[in-house]
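Each remark here refers to the structure printed beneath this line.
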Amino acid sequence: MSLPPFEYLAPGSTAELAGLLAAHRERCRILAGGTDLVNWMAEKIYRPDYVIDLRKLPLAAITYEKGRGLTIGAAATIESLERSPVIREFYYALVQAAGQIGSPQIRAMATIGGNCCNASPCADMPPPLITLEARVALTSARGSREVPLEEFITGNRQTAIAPDEFLECVRVPDPWPHSACRYSPFGLRAAQEIDIASVAVNVALDPATGLFAKARIAMGAVAPFAMRALKAEASLVGNAPSGETIDQAALVCSRECRPIDDLRASASYRRHIVGVLARRMLRDAVAAITS
């Protein structure tokens, strides 16, 4: 593998990182896990003058505090998410998504920040994060700001990050009361596959009435970015978690998505798969709440 020439930089603090980004802007690329960046540089898609390595920075922690929610450092590996007891207990859809990414070797290197910043329509982490109301913290020498993940990813390989900013962490609020979240992708192979479609759901039931109190559904690989199924969400809230209600929401999901025809699947097949996955994930989430 041959890479174009570049200068390697390894800042020792986030302040130093912010300074380097302010100085070099579009001429640099951040190296977190490198599972995508190195390949893109080898293919000459990217030719940065500077590569900035995050490994010396304290950006890999995963912490949870009741009332404040979950904070995942941008350099936290996908493997660490998959193995985290607190994520498994409170945010199970993230465990399901992490387990679908690449191979064990890739999961040991790839990071949540990279998966979000690469902004692939087929990425596994954004759909469940969006249903969990995740926000990304963006930092630069100018200061910090938070952006909802569904607004951060603006298109295929496009985000709202400025050239002098870096993604510091992902923040996820406390789970809704009486809720459950689930995620499932679908591909042509069982592993190391680019998804044909994926669906994440996060639903809460009213303990007094048993009706859907809240619902968020996100679909991946069927639009230029992970998209909310807003009409399907609305069809759930206030209704009983019956088979009929779930079937109707799944049908609405298949109508809301915006898939394309390509070598991996037709648009009509993707719509069908979205409906199947939505129905399955909603049933699984309801069962987790009521069991």
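Among (1) touching a helix residue (DSSP H, G or I) at 6+ places or on another chain (Cβ under 6 Å); (2) surrounded by fewer than 21 Cβ atoms within 10 Å (Cβ to Cβ), there is one condition VAL201 misses while meeting the rest; what is its number?
Every condition holds for VAL201 apart from (2).
Starting from residues that are modelled with pLDDT under 95 and of a type outside the set (Asp, Glu), keep the ones in the stretch 260-291 and report whichever is farthest from the chain's Cα centre (by Cα).
Quick first cut of the stretch 260-291, residues modelled with pLDDT under 95 only: 260-265, 291.
Keeping just the survivors that are of a type outside the set (Asp, Glu) gives 260, 263-265, 291.
Details: ILE260: 21, LEU263: 24, ARG264: 21, ALA265: 22, SER291: 27 Å.
The extreme case among them is SER291.
Residues being under 18 Å from the mean Cα position of the chain (by Cα), of a type in the set (D, E, K, R) and more than 18 Å from ALA287 (Cα to Cα): count how many of those fall in the stretch 214-233.
1
Is it the case that the stretch 199-207 has a residue that's assigned by TED's automatic domain parsing to the domain that holds ARG280 and more than 27 Å from THR290 (Cβ to Cβ)?
no
For a quick check of your reading: which helices (runs of 4 or more DSSP H) sit entirely within the stretch 66-123 and have at least 2 residues that are in contact with a Ser or Thr (Cβ under 6 Å, 6 or more places away or on another chain)? Reasoning before the result, please.
Values: elements: 78-83, 85-90, 92-98, 104-109, 112-117.
In the stretch 66-123, 104-109 are the helices (runs of 4 or more DSSP H) which contain 2 or more residues that are in contact with a Ser or Thr (Cβ under 6 Å, 6 or more places away or on another chain).
Working carefully through the options LEU236, LEU211, find the one that is surrounded by 22 or more Cβ atoms within 10 Å (Cβ to Cβ), of a type in the set (A, V, I, L, M) and more than 21 Å from the chain's Cα centre (by Cα). Walk me through it before giving the result.
Working: LEU211 fails: surrounded by 22 or more Cβ atoms within 10 Å (Cβ to Cβ).
Matching residue, one of LEU236, LEU211: LEU236.
Tell me, please, whether a residue that is of a type outside the set (Lys, Arg), under 20 Å from PRO163 (Cβ atoms) and buried (at least 21 other Cβ atoms within 10 Å of the Cβ) can be found in the stretch 73-94. Lay out the reasoning, then the answer.
Just the residues of the stretch 73-94 that are of a type outside the set (Lys, Arg), to begin with: 73-82, 84-87, 89-94.
Then drop every residue that is not under 20 Å from PRO163 (Cβ atoms), which leaves 74-75.
Still in the running and buried (at least 21 other Cβ atoms within 10 Å of the Cβ): 74-75.
Within the stretch 73-94, one or more residues are of a type outside the set (Lys, Arg), under 20 Å from PRO163 (Cβ atoms) and buried (at least 21 other Cβ atoms within 10 Å of the Cβ).
Quick one: is THR131 modelled with pLDDT of 95 or more, closer than 17 Å to GLU168 by Cα and of a type in the set (Ser, Thr, Tyr)? If you could, list the steps in order and put the result at the bottom.
Values: modelled with pLDDT of 95 or more: yes; closer than 17 Å to GLU168 by Cα: no; of a type in the set (Ser, Thr, Tyr): yes.
It is false that THR131 is modelled with pLDDT of 95 or more, closer than 17 Å to GLU168 by Cα and of a type in the set (Ser, Thr, Tyr).
The values are calculated or read from the model by the stated rules, or taken from the named source; none is laboratory data. Just so it is clear, the model here is predicted, and its values are computed rather than measured. When we count neighbours, we look across all protein chains shown, and the Cβ atoms used for this are built from the backbone with ideal geometry, even at glycine.
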